[in-house]
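The values are calculated or read from the model by the stated rules, or taken from the named source; none is laboratory data. Note that the structure is predicted; figures quoted are calculated from it, not measured. Cβ: placed from backbone, ideal geometry, glycine included. Neighbour counts: every protein chain shown.
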Amino acid sequence: MLANLDFEYELATGPTYITPKAVARVIGRWRHILRLLPGFEDARTIMAEATATEATATEAPGELLVWGVTARTAALLARPNFPSIDAVRLANDKRFSHALEVRLGISLPTSCIVASPVELERAASASAFDWVAKHPLGVSGRERILGKAGRIDEPAARWAARQFDAGWQLVFEPWVAREREYSLQFDIAPQGFVSFVGACELLTDSVGTFRGHQSLADNSICTQLVEAALPALAAVFEAGYHGPVGIDALVGRLGDEFIARPITEINARHTFGRLALALERFVPPGWQYVWWHPSPAASQKAGLEAQGAIGPHAEHPGVFRLPEFADPNNASQTFVIAGPDLAALDAWGST
């Protein structure tokens, strides 16, 4: 198995991509994390620099488990059962999900694709709301700029100009004040059959940076979001992709208007939301849980001390580490907060 968490960077760069050393160090901390998936607890792990011989020795032929399919991961196997790289790139491109929202009549007002500084300036000036402009292959609340209603500041304009100079367009959207965000998880079979795996709450901080997931005590809102997102899954398959898919969705407000957005973005790969669902089997029955990815500052402020690795026979609620086989020595620096009533566990925050 290969946890190539720099998946989007490789898609954006193309065949010349080489994992930067700093990024490789981060990925190294997470190299065993796909072991959380059922049936892979004892799987061998490799890094992106592995040879085809190492890859085929790791899994059965054609069954290399990867975070996301790229040219490098596909090349590791002689006969990979992977979708085409073009299909993977298209399905993960935020311009693709924006076009789907437009086609389905559910796009946010004033959202659009901007391809130049002039177009971005025009969109920002006309926006009655704060706004965000995203790189088509950005991830986890990165590779984007935030702006205030009616204007764009100089640092944001410079960042955008660099993207335009590199040949990229940006996805411009009004900033929705989030009330809840959700991670909806699906599988698309090679024949096109879509199965719903589950949903959990997506946790972000005040500027939308990913900070973890929380189990859901009430799935009712997600039922509506899942139904609204199903046409997107059909479009992803029609684009040539099959495999794991995570769709981020949200409910919130845009000014005085309530917004239920079933397709914030599409992640045609494994996701931390998928792993958060897999984590449930290590939590005692009936307990709720948060898998928290704190910022270093928030972690230091909270001063959390884990009582051990989370397991189904834990007796006391509180703070735990991930199972050792998936996160040796707590290399991920994340925590699982679990108990019968999360509201009673004043041990964490999403900042």
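Of all residues being assigned to a loop (DSSP other than H, G, I, E, B) and either of a type in the set (V, I, T) or under 23 Å from the mean Cα position of the chain (by Cα) (or both) in region 164-186, which is surrounded by the fewest Cβ atoms within 10 Å (Cβ to Cβ)? Just the residue, please. By that ranking, first place goes to W168.
None of G167, G208, G240 is at positive phi and modelled with pLDDT under 95 except G208.
When each of E265, E280 is tested for being farther than 30 Å from G105 by Cβ and not in a loop (DSSP other than H, G, I, E, B), the lone residue that passes is E280. Checked against (1) surrounded by 17 or more Cβ atoms within 10 Å (Cβ to Cβ); (2) assigned to a loop (DSSP other than H, G, I, E, B), L250 passes all but condition (2). Of the helices (runs of 4 or more DSSP H) entirely within region 73-163, those holding at least 1 residues that are farther than 19 Å from F237 by Cα occupy 117-126.
Only one entry in A338, A314, A343 is assigned to a helix (DSSP H, G or I), farther than 30 Å from F237 by Cβ and either over 20 Å from the mean Cα position of the chain (by Cα) or modelled with pLDDT under 95 (or both), namely A343. Looking across region 260-289, the residues that are among the hydrophobic types (A, V, I, L, M, F, W, C), more than 15 Å from S332 (Cα to Cα) and within 21 Å of the chain's Cα centre (by Cα) come down to A260, I263, I266, A268, L277, A278. At pLDDT below 95, in a helix (DSSP H, G or I) and under 20 Å from N330 (Cβ atoms), is that true of A57? Judged against the criteria, A57 is not a match.
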